[in-house]
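The values are calculated or read from the model by the stated rules, or taken from the named source; none is laboratory data. Everything numeric in this text was worked out from a predicted model, so none of it was measured. Positions of Cβ are backbone-derived with ideal geometry, glycine not excepted, and every protein chain shown enters the neighbour counts.
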Amino acid sequence: MKIIMKNKIWFSSKNPDNNIKNGRKTCFFNNKNISLEWSLKFAPLNLNICLDGADRNYTFKFWFIWVFYLSFNNIFKYYPSQWNSCVNSGKGGYINSGTRYIGISQYDWSITIYIWHDGDGEQLYKDKMLFYKYFDLKDKIVGTYCYYTIEEEDFDDFLQLPEHKYKIKVYYRYWHLKYKRFPFLNRKGVSVLFRSKIKISENRKVLNYWVTLKDDKDFSIAYDKYLSHILKQRTPNWVPQKYKKEYYRKLKLERILSDELHISKD
C-alpha cells in the first residue's frame, strides 16, 4: 500500500501471514520506518526500551502473554555514546553508536534490571553507563545446592548401526543433587556423554551427545537415545561409502528371506 501526503511518500508493508496471534507491520517514510511486531504466546515479563546507536533504532519491548515490539528506525536524533579508538585521527573519542537499555526483564528464575546500561555484565558507571542488577530468584527462594559425584568412569563400547558396529567412547557420571533449605527437592541421576567418529553425511560427523537419566532407569535407554539421535541426524538412506556394498547385500538377503517366509506361509 502506498499513500502520498504533501509530496511525501509513505509505504506500508505487512507480513502476508499476519493474524491476530502473530504478525508484523512496517511503515516506511523516506529512509525512516516504524515497525510493530506481535505474538500471542506465553512469555515471561519483559518491559524495556532499547536505544541502539549502531542501527539508529529505538525499540519498545513489552512481554507478558502478548509479546510486542515497537521500533522506530532513523526517526530520533539522539543515541547513547560509546568509546571508539579510531576517531579523531586515532586519538579516540565518544560517538553515538552505543546501546542502552532501560527496564526490567525476567527469564526463568532470574530478573534483571537495567537503568541506562548495555546489559553486558555488571559494570557500574563504566563508559557513561549507570546501573545493572541481576537477581537469581531460585537461589533466593530455593536456596543453595550442591552436586556430588557418587560414581564416575569412562570406557569404550560399541554401537550397532544398520550397516556396521562402531566403537564409541562413553563418559558416565552418577550424581546426587542436594538442596540445603528444602531436602525434599534432592534427587539422584545419571549423566552420560557419548563420543564417536560416526558419520551422518559425507562431510559431517555426529557431535558429542549428552543423555540424562533418573537413577532408577535402565542404562540401555541412554544407548537407545544415542542411536535414535544419530539416525535422525543422518542424511536419509545414507551410509558411508566403505559399508555400502555390505549394507545393500544385507538388505537384499533380508528381503529374499522375507519373501521365502511369506511364500511358505501361503
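Restrict the check to segment 206-214 and report whether at least one residue is surrounded by 12 or more Cβ atoms within 10 Å (Cβ to Cβ) and more than 23 Å from the chain's Cα centre (by Cα). No: zero hits.
When each of 81, 110, 97, 89 is tested for being over 27 Å from residue 41 (Cα atoms) and in contact with a helix residue (DSSP H, G or I) (Cβ under 7 Å, 6 or more places away or on another chain), the lone residue that passes is 81.
The residues on offer are 130, 193, 177, 137, and the sole one that is surrounded by 15 or more Cβ atoms within 10 Å (Cβ to Cβ), touching a strand residue (DSSP E or B) at 6+ places or on another chain (Cβ under 9 Å), of a type in the set (A, V, I, L, M, F, W, C) and in contact (Cβ under 8 Å) with a residue 12 or more places away in the chain is 193. Scanning segment 35-62 for residues that are in contact (Cβ under 8 Å) with a residue 40 or more places away in the chain, crowded, with 17+ Cβ neighbours inside 10 Å and not charged (D, E, K, R) turns up 46, 48, 50, 51, 53. Pairs are defined by a Cβ separation below 7 Å, a sequence spacing of at least 6 or placement on different chains, a first member in segment 89-117 that is at pLDDT below 85, and a second member that is of a type in the set (Lys, Arg); the pairs so defined are 109/138.
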